[in-house]
Amino acid sequence: MKLEVVRPGFATTVQDLGRPGHAALGVGRSGAADRESFRLANRLVGNPAGAAALEVTLGGLVLRASSVTTVAVTGASCPLSKGGVNGPITLWPGEELALGTAVSGLRCYVAVRGGIDVPPVLGSRATDTLGKLGPPPVTAGMLLPIGPAPRAFPVVDLAPRAALPAEPVLRVTPGPRRDWFAEPDALLSTVYTVSPDSNRVGIRLTGPALSRARHGELPSEACVPGSLQVPPSGRPILFHADHPTTGGYPVIAVVEEADLDLAAQLRPGQTVRFRPA
């Protein structure tokens with residue numbers, strides 16, 4: 001069983017729950033940026049939570065089934081040619097599923113019953129766009145193999161979810177270099193705008209610059225997902241799914257892991273605030 005990629009959309013990759021435990025080798029976790037939406041997509045088709053699925057940025061993906069196939073789409077709200085977001089969809093042989101452009105949120109997840117069965121790398125099928133590990137980005141004409149269907153049948157046929165907030169508020173804890181900034185609390189009183197120059201590695205934010213109290217160089221040190229690193233421009237970068245394992249700029253704060261799914265849905269031009277956890 002295979003799914004044919006008729007049109008890849010704006011940016012589509014294969015993802016699972018990542019490859020944790022390899023940071024000492026310089027290999028990041030990677031995996032789905034919005035893990036809650038990813039897990040829900042797999043649940044809707046009866047897959048294990050970590051089965052490989054497609055992460056689609058802004059929509060635009062078109063798939064064609066080679067045989068009877070059950071899929072589900074979760075995450076960002078986008079129009080579908082068949083069925084609806086957050087529910088299972090049956091595709092018949094030769095039938096296509098098209099995702100329109102997302103109207104809210106940024107990333108959609110398309111799970112197929114049986115999972116995307118590409119070869120794993122270091123125990124994961126995730127595409128790491130920074131480390132260039134895992135399968136290549138999805139392109140037109142690609143045939144995606146589907147694994148054996150699980151024995152259990154889906155037990156959920158619809159999973160309504162709350163609408164994404166127009167201006168998300170992300171919870172943060174103080175970072176290890178908070179004292180490097182003249183007014184660290186300015187982070188909490190500033191409204192930032194998501195830059196178009198954002199990706200799975202980091203979400204770049206525009207707004208008033210954070211002034212430094214210390215101007216010396218900082219040796220590279222370990223970073224975790226959610227780290228708010230501040231380069232010389234004074235404007236934070238929120239490290240996300242494919243972030244590097246180390247960074248050379250001070251980290252003023254760290255976004256709570258539970259809020260990273262919400263951060264994954266931030267669109268360019270959208271505003272965001274931070275508050276203490």
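Taking segment 50-76 as the range and being over 25 Å from P120 (Cβ atoms), over 14 Å from the mean Cα position of the chain (by Cα) and either at pLDDT below 95 or assigned to a loop (DSSP other than H, G, I, E, B) (or both) as the test, the residues that pass are G60, V68.
Within segment 127-151, the set of residues being of a type outside the set (G, A, S), more than 18 Å from S30 (Cβ to Cβ) and at pLDDT 95 or above comprises T139, M142, L143, L144, P145, I146, P148.
From the list G46, G94, G59, G21, which one is under 23 Å from L266 (Cα atoms) and not β-branched (V, I, T)? Sole residue among the options that is under 23 Å from L266 (Cα atoms) and not β-branched (V, I, T): G59. The sole residue among D157, D117 that is outside the structural domain of P225 (by TED's automatic domain parsing), of a type in the set (D, E, K, R) and under 22 Å from G83 (Cα atoms) is D157. For segment 152-209, filtering for residues that are of a type in the set (D, E, K, R), over 21 Å from P232 (Cα atoms) and crowded, with 18+ Cβ neighbours inside 10 Å leaves 1. Only one residue in P119, P148, P135 is surrounded by 12 or more Cβ atoms within 10 Å (Cβ to Cβ) and either touching a residue at least 40 places away in the same chain (Cβ under 8 Å) or more than 18 Å from the chain's Cα centre (by Cα) (or both), so which one is that? Every option except P135 fails the conditions. Applying a threshold of 6 Å to beta carbon distances and a minimum spacing of six or more residues, or different chains, the list of pairs starting in segment 7-22 at a residue that is assigned by TED's automatic domain parsing to the domain that holds T139 and ending at one that is crowded, with 20+ Cβ neighbours inside 10 Å and among the basic types (K, R) reads V14/R125; D16/R125; G18/R29; P20/R29. Among the candidates E36, E96, the residue that is of a type outside the set (S, T, N, Q), under 18 Å from G9 (Cβ atoms) and in contact (Cβ under 8 Å) with a residue 60 or more places away in the chain is uniquely E96. Check whether at least one residue in segment 257-269 is modelled with pLDDT of 95 or more and part of a strand (DSSP E or B), and report yes or no. Scanning segment 257-269 turns up no residue that is modelled with pLDDT of 95 or more and part of a strand (DSSP E or B). Scanning segment 11-28 for residues that are crowded, with 18+ Cβ neighbours inside 10 Å, in a loop (DSSP other than H, G, I, E, B) and touching a strand residue (DSSP E or B) at 6+ places or on another chain (Cβ under 9 Å) returns D16, L17, G18, R19, V27, G28. Looking only at segment 249-266, filter to residues that are touching a Leu at 6+ places or on another chain (Cβ under 9 Å) and of a type outside the set (A, V, I, L, M, F, W, C); which one of those is farthest from D185 (Cα to Cα)? It comes out as Q265.
Taking segment 72-93 as the range and being aliphatic (A, V, I, L, M) and in contact with a helix residue (DSSP H, G or I) (Cβ under 6 Å, 6 or more places away or on another chain) as the test, only A72 passes.
Mind listing just one residue for me: the one in segment 226-247 that is under 15 Å from L205 (Cβ atoms) and small (G, A, S) and, of those, surrounded by the fewest Cβ atoms within 10 Å (Cβ to Cβ)? Among them, the one singled out is S233. Determine, yes or no, whether T101 is among the polar types (S, T, N, Q), surrounded by fewer than 17 Cβ atoms within 10 Å (Cβ to Cβ) and free of Cβ contacts under 8 Å to residues at least 60 places away in the same chain. The answer is yes for T101.
The values are calculated or read from the model by the stated rules, or taken from the named source; none is laboratory data. Source: prediction; values computed, not measured. Glycine gets a Cβ as well: all are built from the backbone with ideal geometry, and neighbour counts include every protein chain shown.
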